[in-house]
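Enquirer: Please see the structure below; I have some questions.
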Amino acid sequence: MKRIAMLSTHGYFDPRPILGATDTGGQVVYVLELAKALARRWKYKVDIFTRNFEGRLPEEDVNEDVRVVRIAAGSDEFIRKEELLPVLDELAENMARYIDQKGFKYDIYHSHYWDAGYVAMKVAEMKGQWFVHTSHSLGAWKQERFRDVPGAEELFRFEERIAQERVIFSKARGITVTSEAERENYRRLYDFVSEDMVTIPPGVDVEVYRPLKEGEEDRPTGLPGKYILALARIDHNKGFDLLIHSFALLARKYPDLHLVIGGGSKDPKQPEIDLKNELREIARGYELEDRVLMPGYVPDELMAPYYRGAEVFVLSSRFEPFGMTAIEAMACGTPVVVTSLGGIRTFLTDSRDAMIVNPKEREKLALAMDRILENTQVSSTLVEQGLKTVYDRFTWEAIAGQHLDFFESLA
């Protein structure tokens, strides 16, 4: 049985992740689903290494072939991903020691995000092996987007992160990117070009995210009968404020329409609470506080029903490396509007399988939503073509196969 070590070191990584918790979002889903597909289709054993904290179990099974392995480093407290660098050397040493104690031999080390890339680089060097890296997000790209935001450098530590990313990119045997736009950002922002870089998008679990079958009833959600949906962790980058401003332009035309901003953690910390309060103030300014709903954390079993119940799903991010929630919504048969400031745009065709718009352009975002709400032909086309795109390009089995082809080409 062949064995792969994946590394995703920040956030709350669980077999059933609490999406919306701090530093816990689409990347966790990506790593879990890729690992499960590699095990299911190609019979790999996959260990996913992350940092242990808050007295969590050192090992947890995802299934019989995939495990989450938590390695202690630093204190037992949660550490934001921007502040992890001081404990990463210890994490690498403890991970290498764990591998020695277990007597494991990994065929591939595959890191996700720069902090895990740092650890994989150190561990692979100790073991005399190589690693493959997936950034998911680039520090220089985020820095570019936050250039005019006061305090951003102190909060996100861009220069520190970018310096480490440059080393990781130079040491990785191969790199996967989720879009051609991301590949271009490697070249433009890091002056990094490599023949051992391949574009592989994220995937979607089409057994979970799918339209209802004939006669099948959905789980009750408690949401209004007619709503626009956005679903993500509560973060300024997700552009929920931009979406509320655009929704205000539609509110009078559709008096029964609500905006549902789903997501967030089970136990919100102060930054999340503060941002929600800011969003409520924006809604209150338009006298829409009763029509802009923020139900908070959405459990796994309600994710697909949330998508299926929506008239439109909107990905309104100021920037987004990819945007997996939009693919999940498409897989559920829901028409989507996606940001033109994200990697997902390169896989979709405007007005065919999605509406693509800059969320900072208030009137254009409102018009895109309005076209779907008003014109059933537009909506039907987006649903039909969206489903076709998902099944042609975004199943996890297809994505896992592309990864294995890439790994084998490097070997």
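Enquirer: Taking the range 178-198 as the search range and keeping residues that are at pLDDT below 95 and within 26 Å of residue 129 (Cβ to Cβ), which one is surrounded by the most Cβ atoms within 10 Å (Cβ to Cβ)?
Expert: Looking at residues that are at pLDDT below 95 and within 26 Å of residue 129 (Cβ to Cβ), I get 178.
Enquirer: Right, here's the next one. Please work out which residue is nearest to residue 112 (Cα to Cα), limiting yourself to the range 30-72 and to residues that are open to solvent by less than 30 Å² (accessible area, probe 1.4 Å) and β-branched (Val, Ile, Thr).
Expert: Once the filter is applied, the top-ranked residue is 31.
Enquirer: Another one. Looking at 289, 216, which is the one that is at negative phi, part of a loop (DSSP other than H, G, I, E, B), loosely packed, with under 13 Cβ neighbours inside 10 Å and not aliphatic (A, V, I, L, M)?
Expert: It is 216.
Enquirer: Please go through the range 343-364 and give me each residue that is within 23 Å of residue 308 (Cα to Cα), buried (at least 16 other Cβ atoms within 10 Å of the Cβ) and of a type outside the set (A, V, I, L, M, F, W, C), ordered by number.
Expert: Listed by number, the residues that qualify are 345, 353, 359.
Enquirer: Would you mind finding the one in 107, 115, 76 that is of a type outside the set (Ser, Thr, Tyr) and without any contact (Cβ under 8 Å) to a residue 60 or more places away in the chain?
Expert: Selected residue: 76, the only one of 107, 115, 76 that is of a type outside the set (Ser, Thr, Tyr) and without any contact (Cβ under 8 Å) to a residue 60 or more places away in the chain.
Enquirer: If you check residue 357 against the conditions, is it within 20 Å of the chain's Cα centre (by Cα) and modelled with pLDDT of 95 or more?
Expert: Considered against the rule, which asks whether it is within 20 Å of the chain's Cα centre (by Cα) and modelled with pLDDT of 95 or more, residue 357 comes out as yes.
Enquirer: Let me ask you something else. Within the range 300-328, take every residue that is aliphatic (A, V, I, L, M) and in a helix (DSSP H, G or I) and give me the one that is farthest from residue 372 (Cα to Cα).
Expert: 302
Enquirer: Now for a different question. Could you list all residues from the range 199-213 that are β-branched (Val, Ile, Thr), part of a loop (DSSP other than H, G, I, E, B) and crowded, with 16+ Cβ neighbours inside 10 Å?
Expert: 200, 206
Enquirer: Which one is nearest to residue 343 (Cα to Cα), of the residues in the range 123-145 that are open to solvent by less than 20 Å² (accessible area, probe 1.4 Å) and aliphatic (A, V, I, L, M)?
Expert: Only one residue fits best here, namely 138.
Enquirer: Then there's this: Pairs only if they're at least six apart or on different chains, beta carbon under 7 angstrom, first in the range 276-295 and of a type in the set (Lys, Arg), second open to solvent by 80 Å² or more (accessible area, probe 1.4 Å) and not in a helix (DSSP H, G or I); list them, first residue then second.
Expert: Taking only residues 6 or more apart or on different chains, the pairs are 280/289.
Enquirer: Hey, among the residues in the range 323-342 that are open to solvent by 10 Å² or more (accessible area, probe 1.4 Å) and over 15 Å from residue 389 (Cα atoms), which one's modelled with the highest pLDDT?
Expert: Among them, the one singled out is 340.
Enquirer: Given (1) more than 16 Å from residue 50 (Cα to Cα); (2) modelled with pLDDT of 95 or more; (3) in contact with a helix residue (DSSP H, G or I) (Cβ under 9 Å, 6 or more places away or on another chain), identify the lone condition not met by residue 170.
Expert: Among (1) more than 16 Å from residue 50 (Cα to Cα); (2) modelled with pLDDT of 95 or more; (3) in contact with a helix residue (DSSP H, G or I) (Cβ under 9 Å, 6 or more places away or on another chain), residue 170 violates only (3).
Enquirer: Where in the range 83-157 are there helices (runs of 4 or more DSSP H), lying wholly inside it, with at least 2 residues that are closer than 25 Å to residue 400 by Cα and touching an Asp or Glu at 6+ places or on another chain (Cβ under 8 Å)?
Expert: It comes to 114-127.
Enquirer: Follow-up question, since we're still on this one. Those residues that are more than 17 Å from residue 94 (Cα to Cα) and touching an Asp or Glu at 6+ places or on another chain (Cβ under 9 Å), I need them from the range 33-53; list them, please.
Expert: Once the filter is applied, which keeps residues that are more than 17 Å from residue 94 (Cα to Cα) and touching an Asp or Glu at 6+ places or on another chain (Cβ under 9 Å), the range 33-53 yields 33, 35, 36, 37, 38, 39, 40, 41, 43, 44, 45, 46.
Enquirer: A further question on this structure: Quick one: what pairs do we get from the range 365-394, first residue closer than 26 Å to residue 245 by Cβ, second polar (S, T, N, Q) and in a helix (DSSP H, G or I), C-beta under 8 Å, 6+ apart or different chains?
Expert: Between residues of the range 365-394 that are closer than 26 Å to residue 245 by Cβ and residues that are polar (S, T, N, Q) and in a helix (DSSP H, G or I), the close pairs are 365/246; 366/246; 369/246; 372/379; 373/379.
Enquirer: Which count do you get for residues in the range 146-167 that are modelled with pLDDT of 95 or more and open to solvent by 100 Å² or more (accessible area, probe 1.4 Å)?
Expert: 2
Enquirer: What single numbered condition from (1) closer than 21 Å to residue 317 by Cα; (2) free of Cβ contacts under 8 Å to residues at least 40 places away in the same chain; (3) in a loop (DSSP other than H, G, I, E, B) fails to hold for residue 264?
Expert: Of the numbered conditions (1) closer than 21 Å to residue 317 by Cα; (2) free of Cβ contacts under 8 Å to residues at least 40 places away in the same chain; (3) in a loop (DSSP other than H, G, I, E, B), the odd one out for residue 264 is (2).
The values are calculated or read from the model by the stated rules, or taken from the named source; none is laboratory data. Because the structure is a prediction, the values reported are computed rather than measured. Glycine gets a Cβ as well: all are built from the backbone with ideal geometry, and neighbour counts include every protein chain shown. Surface areas here come from the heavy atoms of the whole protein model, side chains and all, with no ligands, DNA or RNA. Shrake-Rupley method; radii C 1.70, N 1.55, O 1.52, S 1.80 Å.
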